[in-house]
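The values are calculated or read from the model by the stated rules, or taken from the named source; none is laboratory data. Given the structure is predicted, the values throughout are model-derived calculations rather than measurements. Neighbour counts are summed over all protein chains in view; Cβ atoms, including those assigned to glycine, are modelled from backbone coordinates with ideal geometry. Ligands, DNA and RNA are excluded from the accessible area calculation, which covers all protein heavy atoms including side chains. Shrake-Rupley method; radii C 1.70, N 1.55, O 1.52, S 1.80 Å.
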Amino acid sequence: MSSPAVSPPERSRAGDPARLRRTFGAFATGVTVVTVGGDAPRGMTANSFTSVSLAPPLVLVCVGKDAVMHRTLAHSRTFSVSVLGAGQEDVARHFADRSRPMGAGQFEAFGRLEGLACDAPLVPGAAAYFECEKWREYDGGDHTIYLGEVLREEDLPDRGALLFHRGCLRGLATRAPEAAA
């Protein structure tokens, strides 16, 4: 017995960025704040973040070439990634707002933690932290793909995650581990 024929979904048209963005949004991602330190620290909300390798320990972030963070990260040797926790929607929106203050002033609303492995600040209350040394960068169309070697990581397993799906931010609560039977 054969299955009925199913028509393939309509293909994305290369000239329709809005449709492509909507389709990309079907994939739920975590939400992070990528930061650099120095004399003018900077933060940026990013959902283009992923693990790459365990040996060496690598992560990647993608940064739009028109973003202030792109110019800042291009000149920085290190960066940090704070994986936002459930309930940190206001933090995500703040670091996505292009009208936020420049420099250290942008961290005043939520505070900042000092990194132990590099000078890029960390966001208090996050679910996890990665402090990285820039390892490689690659052209990615209208973005640059930055690979970072993880110098230090911290996982706070009692904190849920903030997710981005179809243009909306949603918190995902952490469930307590089951007791061993």
### Summary
Over the range 9-156, with neighbouring protein chains present, the accessible area per residue in Å² at probe 1.4 Å is 53 Å²
### Query
So how far apart, in nm, are the two label points at Ala74 and Ala109 if each is 7 Å from Cα heading toward Cβ?
2.7 nm
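How much net charge surrounds Val52 when only the other residues with a Cβ under 15 Å from the Cβ of Val52 are counted, with Lys and Arg +1 and Asp and Glu -1? List each step's numbers first, then the result.
Values: positive: Lys134, Arg136; negative: Glu133, Glu137, Glu149, Glu153.
The answer is -2.
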## Note on the structure
A 1.4 Å probe over the protein heavy atoms gives the range 102-144 a carbon and sulfur accessible-area percentage of 54 percent
#### Entry: Contour excess over end-to-end distance, with Cα ends at Thr174 and Ala40 and 0.36 nm allotted per residue
44.8 nm
